[in-house]
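Only the coordinates and a few stated rules stand behind these numbers; no lab work does. The structure displayed is predicted, hence computed values, not measured ones. Every residue, glycine as well, gets a Cβ built from its backbone with ideal geometry; the counts of neighbours run over all protein chains shown.
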Amino acid sequence: MATKKIGSAGRFGPRYGRTIRQKVANIEKKQKIWHKCPYCNKKRVKRISIGIWGCRSCNAKFTGKAYTPS
Ligand SMILES: [Zn+2]
């Protein structure tokens with residue numbers, strides 16, 4: 001399946017065109033990895049909802065950008 005190549009955006013199948021799916025895949029990759037916490041400096045931060053990020057280590061909740069914390 002050719003759609004496997006573009007990671008998480010593969011769920012769109014052949015729709016929307018290749019370039020835009022590539023962009024979505026890049027953004028979602030950044031969104032899903034562990035981010036660094038500004039309070040305890042551990043990579044334990046995940047997005048809770050759009051613009052809201054939470055640290056699983058020290059339980060800090062803070063605002064950031066929609067797809068990345070900073
Ligand atoms: Zn933390």
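Within the shell defined by Cβ-Cβ distances under 9 Å, the residues around Pro69 carry a net charge of +3, with Lys and Arg each +1 and Asp and Glu each -1. For the chain, the residue among Phe62, Pro14, Gln31 whose Cα projects farthest onto the positive side of the dipole built from Cβ charges is Pro14. Of the cross-linked pairs Lys23/Lys65; Lys5/Lys36; Lys5/Lys42; Lys5/Lys32; Lys5/Lys65, those separated by over 21 Å at the C-alpha level are Lys5/Lys36; Lys5/Lys42; Lys5/Lys65.
On full extension, the segment bounded by Gln22 and Lys65 gains 13.5 nm, given 0.36 nm per residue less the C-alpha separation.
The average projected area of the chain, computed from the convex hull of its Cα atoms over all directions, is 5.0 nm².
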